[in-house]
Amino acid sequence: MNENDKYLIKAGESAEGKFDTVITTERAGWEFCSLKIAALKAGESETVETGETELLVLPLSGSATVSVDGTDYELAGRDSVFTDITDYIFVPRGKTLTVTAKTDGRFALPATKASKNLSVRYCPRDEVKTGIRGSGIMTRQVNNYALGNDVETSHLLVCEVLTPGGNWSSYPPHKHDVHSDDERVLEEIYYFEIRDGGPNNETEGFGLQRVYSSPGKDIDVCAEVRSGDTIVVPWGYHGPSVAAPGHDMYYLNVMGGPAEDSIWLMTDDPCHTWQRQAWEGDDIDPRVPFIPLNEEN
């Protein structure tokens, strides 16, 4: 086994019970970030103790009722990550929550270790910060759920990125593995879903993910990714995330680290940062946005 193979966790490898993805801090080999994804049939429930973590209940598909502290919160959810953004719930540490599916669905629980006692918060769909990043073949849509918005967390940052088939995202490559005025130490999880393609949408798609060494921190990942695959990024430059032509790519990013300012600060690989100026002259890919952007964004 190659030393770097441990950073790629294939679909199904970490499944436990009703969870088809379980990325613990122990599995990732770090301190803060974790991710569970529950696959529930209509009427099925799953109960989770947050313990020392804080998390979101984020529908990838389907709708659900989430019960916390005797209060029920209704999540309208969405049909698919490729067709809409979603409402969601922030649940702090020290809570017991139960997710009950109203329709068949999959419900992500991105989490980090927490250091503050905060309040449960229902977040409606119209509070999601949406935007377009890049242009040309680097155009992608970014949806922020716990990043640059009004959701208070102690360490948890969560966003999702939609990349049209044939495009590059997470580009230029960047890192966040030192604490400085320009950067924060942030562990990161990439969870992927790839849209089927072909004349009848019956062809399984794939993408590619690159992670490579930053100064003093060795890592070397160049992996094919398919739906349900996860890559953990403890350090190093990461990017690009490349969607194969004809197959749109989705990934959920979960980030967290020791700083309590809940901000995402990163630095580009200086060899590639010029791309940010280059894309200013290109047109936005007309396939983006996948989903109409929230008006206030």
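Tell me which of Gly136, Pro110, Val48 sits at the most positive position along the dipole axis of the chain, charges placed on C-beta atoms (Lys, Arg +1; Asp, Glu -1).
Val48
Over 21 Å between Cα atoms: which of Lys6/Lys217; Lys6/Lys41; Lys175/Lys217; Lys10/Lys217; Lys6/Lys175 fall into that group?
Lys6/Lys41; Lys10/Lys217
Residues of the stretch 23-48 with backbone nitrogen within less than 17 Å of a virtual label 7 Å along the Cα-to-Cβ line of Glu16, please, listed as ranges.
23-40, 46-48
Using a cut-off of 12 Å between beta-carbons, work out the net charge of the residues near Glu152 (Lys and Arg +1, Asp and Glu -1, Glu152 not included).
With Lys, Arg at +1 and Asp, Glu at -1, the net is -2.
Test of understanding: given the chain, find the longest segment containing no GluC sites (Glu not before Pro) that are in a DSSP loop and have at most 16 other Cβ atoms within 10 Å.
Counting at most 16 other Cβ atoms within 10 Å as exposed, the longest clean stretch of the chain is 53-151.
Using Cα-Cα distances under 8 Å and only pairs 6 or more residues apart, what relative contact order does the chain have, in percent?
After rounding, I find 20 percent.
Leaving out same-chain residues fewer than 8 places away, which aspartates and glutamates sit with a Cα under 16 Å from that of Lys102?
Excluding near neighbours in sequence, the set is Glu44, Glu46, Asp72, Glu74, Asp79, Asp87.
Which semi-axis lengths, in whole Å and largest first, follow from the square roots of five times the eigenvalues of the Cα gyration tensor of the stretch 155-246?
28, 13, 11
Based only on other Cβ atoms within 10 Å, what is the fewest-to-most ordering of Trp274, Trp30?
Fewest-to-most Cβ neighbours within 10 Å comes out as Trp274, Trp30.
Given H placed 1.01 Å from N in the peptide plane, which residues other than close sequence neighbours of Gly246 have an amide H under 5 Å from its amide H?
When sequence neighbours closer than 5 places are left aside, the close amide H contacts are Gly165, Gly166.
Read-outs: derived from the displayed coordinates by stated rules, not from any lab. Quick caveat: nothing in here was measured; it's all calculated off a predicted structure. Positions of Cβ are generated from backbone atoms using ideal geometry, with glycine treated the same way; all protein chains shown enter the neighbour counts.
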